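Novice: Quick one: the structure is below, and I'll ask about it shortly.
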Amino acid sequence: MIVLLGPPGVGKGTQGQRWAEENGWRYAATGDLLREAVQKQTPLGIQAKTYIEKGLLVPDEVMHGIVEEVLQSADRPLLLDGYPRTLAQAQVLDEMTQRLGWKVKAAVLLTLNDDEIVERLSSRRICPNCQAIYNLKSKPPRNDEICDECGTKLIQRDDDKPEVIRKRLSVYREQTAPVLDYYRAKRILKEVCSSGTTEEVYQRLKKVNVG
């Protein structure tokens, strides 16, 4: 199992899905699973909604439940995106993986400066109907803010607004730094610069030795 780390906006989803697909791994993004739970108003989603809208990290007990379900159902190597985000989560993940017969072989960190992250995320638009993702700068729709796939008007998620992004980055730096130290001490932390084109970043990522 590999964990994919990095602040919001560095391209973990884009890069992680391609990396997993090309290697035959299962890609599991906890952010997507959480947003789906919020949309469907499941018990987990209702708990998570207030935190996500304010740009705060979702409570550990919610994340633990989601990740344990993924570990129990996965039938091939796993690329986990969006977890762990705190030292406590990293320690619980180690306990879960040992109990369920998994092992974290590498923690891959995508890095990017905050100004680039804010520019990337505040340009992002989502189709509320088919979930297609666009970026007004790097991947714009053919018609202004209308989904190419289904014709629905695109929306900007609340957590993609600049003021919320800055708050999310501040929370990320404060709470996730100990996770990086934890994996660095285990000598399994790998860093990849995510500045440049999507293809340039992917070429760097695929060269990482994940054991």
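The values are calculated or read from the model by the stated rules, or taken from the named source; none is laboratory data. These figures come from a predicted structure and were not determined experimentally. FYI the Cβ positions are ideal-geometry reconstructions off the backbone, even for glycines, and counts take in every protein chain you see.
Novice: Every residue in the range 70-85 that is modelled with pLDDT of 90 or more and within 25 Å of Val118 (Cβ to Cβ), please.
Specialist: Residues satisfying the conditions are Asp81, Tyr83, Pro84.
Novice: Further, regarding this structure: What's the number of the only condition in (1) out of contact with any strand residue (DSSP E or B) (no Cβ under 9 Å at 6 or more places or on another chain); (2) in contact (Cβ under 8 Å) with a residue 60 or more places away in the chain; (3) not hydroxyl-bearing (Ser, Thr, Tyr) that Gln131 fails to meet?
Specialist: Every listed condition holds for Gln131 apart from (2).
Novice: Looking only at the range 82-97, which residues are within 26 Å of Val201 (Cβ to Cβ), of a type in the set (Gly, Ala, Ser) and over 14 Å from the mean Cα position of the chain (by Cα)?
Specialist: Matches in the range 82-97: Ala90 only.
Novice: How about the range 103-151: which of its residues are among the acidic types (Asp, Glu) and under 20 Å from the mean Cα position of the chain (by Cα)?
Specialist: Hits for the range 103-151 are Asp114, Asp115, Glu116, Glu119.
Novice: Which numbered condition in (1) touching a residue at least 24 places away in the same chain (Cβ under 8 Å); (2) within 23 Å of Ser122 (Cβ to Cβ); (3) in contact with a Phe, Trp or Tyr (Cβ under 8 Å, 6 or more places away or on another chain) is the only one that Leu205 fails?
Specialist: Among (1) touching a residue at least 24 places away in the same chain (Cβ under 8 Å); (2) within 23 Å of Ser122 (Cβ to Cβ); (3) in contact with a Phe, Trp or Tyr (Cβ under 8 Å, 6 or more places away or on another chain), Leu205 violates only (2).
Novice: Checking the conditions here, which among Gly45, Gly55 is touching a helix residue (DSSP H, G or I) at 6+ places or on another chain (Cβ under 6 Å) and in contact (Cβ under 8 Å) with a residue 60 or more places away in the chain?
Specialist: Result of the check over Gly45, Gly55: Gly55.
Novice: Let me ask something else about it. Given (1) within 16 Å of the chain's Cα centre (by Cα); (2) farther than 26 Å from Lys49 by Cβ; (3) of a type outside the set (Lys, Arg), identify the lone condition not met by Val179.
Specialist: (2)
Novice: Filter the range 14-69 for residues that are surrounded by fewer than 17 Cβ atoms within 10 Å (Cβ to Cβ), in contact with an Asp or Glu (Cβ under 8 Å, 6 or more places away or on another chain) and closer than 25 Å to Ile117 by Cβ and give the result.
Specialist: Gly31, Glu53 - these are the residues of the range 14-69 that are surrounded by fewer than 17 Cβ atoms within 10 Å (Cβ to Cβ), in contact with an Asp or Glu (Cβ under 8 Å, 6 or more places away or on another chain) and closer than 25 Å to Ile117 by Cβ.
Novice: Looking only at residues that are closer than 21 Å to Leu4 by Cβ and of a type in the set (Asp, Glu) in the range 20-60, which one is modelled with the lowest pLDDT?
Specialist: Here the answer is Glu36.
Novice: Considering only residues that are crowded, with 19+ Cβ neighbours inside 10 Å and more than 13 Å from Ala177 (Cβ to Cβ), which ones fall in the range 80-94?
Specialist: Leu80, Asp81, Gly82, Tyr83, Gln89, Val92, Leu93
Novice: Which of the residues spanning the range 157-211 are of a type in the set (Gly, Ala, Ser) and under 19 Å from Pro59 (Cα atoms)?
Specialist: Ser170, Ala177
Novice: Could you identify the single residue in Leu154, Leu100, Leu79 that is in contact (Cβ under 8 Å) with a residue 24 or more places away in the chain and within 16 Å of the chain's Cα centre (by Cα)?
Specialist: Result: Leu79 is the single residue among Leu154, Leu100, Leu79 that is in contact (Cβ under 8 Å) with a residue 24 or more places away in the chain and within 16 Å of the chain's Cα centre (by Cα).
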